[in-house]
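Structure first, commentary second.
The values are calculated or read from the model by the stated rules, or taken from the named source; none is laboratory data. Predicted, not measured: the structure shown is a model, and the values here were computed from it. Positions of Cβ are backbone-derived with ideal geometry, glycine not excepted, and every protein chain shown enters the neighbour counts. Remember, those area values only see protein heavy atoms, side chains included, never the ligands or the DNA or RNA. Shrake-Rupley method; radii C 1.70, N 1.55, O 1.52, S 1.80 Å.
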Amino acid sequence: VPLLADGAASSVPAYKHITRGGLGTATMSSYEDDPATSCLGALRPPQGLTEWRNPKSADGVELCKFFMDHRKTCDAGDACVRSHQPRQLRNTCPSWSRYGVCERGSTCWFPHPVLDPEPADVDLALLSYVSFARRVVERCRELFGADCVVGSSRADLTKSSVCTVFIRCGGATRGLRTLAECDDAAHLLGNLRRLLVLRDDRAEGSSSADDVKPSETFSTNAPAGETHDDLRGVLRDVLRERLAVASRAYARDSTHGGQKMKLRVRGFPKQTESCAVDAATTAVESCDEGTVVLSPGDATHCLDVVTSRGRVYVALWSTGDVLEREEEPGGGTAGGTAGGTAGGT
């Protein structure tokens, strides 16, 4: 079914919005009620106001705002009639729980735990504006099945936020080719800000110490921490070992004629990409000399990094089977800007 323009009625609607008059009906399924896409729904500022005006501990006692504010202290100490419950024991931040984003970051009064303790297998991450995300979700479900969308994330809490939709499509290569060859490929891919590959199913490496033949690609995930410094440290730990193994495997492969691995780093959101570039730069310096360099313009491999709901996904994949073109809004090419897509050859 082609992706329809605004105002057109789809014959295969995956989800329907519930209007105010229909809140009591149980026959309609809300796009915002689906756990995989709830963060992409309309922003609702009134939600959480009670938690912020009168914050309470997990056992219902009002929390002491002076104790919670890292810039202040509570003079009453143990005699305070309000709760001095540690941050990690309080209820989860309402904004973080619903949208996976909190503008207060590590200074938030409430904890930001990893919301996906056991992440699902993810092949691709499709980036678009929130206003287009609904159609991306519906079209992917038409192409890959009702269960293909396994999660989503947004960059911030603005109406024009960029978001990402995680899909499982039976392999990244299959997914790229299906997207590139579908009837409305020009419209669908043209409205994507970027398409990230989170698993190279063509030749994915294993982290096991018993590997007989190390691979030039890998994919993994780990808790991201709450601050950019935490994320940067996690990425450095991951890339220091994994990139060294991958670059040596690539250098030993005779089919490459002794060429260096040329690396391009992409990420979502922007802060994650910045941390990934820093971590990759450090990792490249620790690799064997002459085996890998950062070269976005003519990369042989892409390092894609995405943070979502407290978890970071990292994948190094070969560009050999994929053609990639990235364009700026003005029509020119840009080596490292958001706004491009990856399509199957």
Please go through region 293-320 and pick out each residue that is open to solvent by 10 Å² or more (accessible area, probe 1.4 Å) and part of a strand (DSSP E or B). Val293, Leu294, Thr307, Arg311, Tyr313, Ser318
Among what's in region 161-179 and is at pLDDT 90 or above and among the small types (Gly, Ala, Ser), pick the residue that is farthest from Gly100 (Cα to Cα). Gly175
So if I check each of Arg248, Arg264, Arg252, which one is crowded, with 20+ Cβ neighbours inside 10 Å and either touching a Leu at 6+ places or on another chain (Cβ under 6 Å) or of a type outside the set (Ser, Thr, Tyr) (or both)? Arg264
Counted residues, region 84-103 - those being over 23 Å from Gly41 (Cα atoms) and either open to solvent by less than 40 Å² (accessible area, probe 1.4 Å) or touching a strand residue (DSSP E or B) at 6+ places or on another chain (Cβ under 7 Å) (or both): 2
Exclusive hit being in contact with an Asp or Glu (Cβ under 6 Å, 6 or more places away or on another chain), touching a residue at least 24 places away in the same chain (Cβ under 8 Å) and surrounded by fewer than 16 Cβ atoms within 10 Å (Cβ to Cβ), set Ser106, Ser160, Ser131: Ser106
Condition first: in a loop (DSSP other than H, G, I, E, B) and either in contact (Cβ under 8 Å) with a residue 60 or more places away in the chain or on the phi > 0 side of the Ramachandran plot (or both). Now tell me which residues in region 134-148 satisfy that. Gly145, Ala146
Selected residue [closer than 18 Å to Arg199 by Cβ, surrounded by fewer than 23 Cβ atoms within 10 Å (Cβ to Cβ), in contact with a strand residue (DSSP E or B) (Cβ under 9 Å, 6 or more places away or on another chain) and modelled with pLDDT under 95] from Val284, Val238: Val238
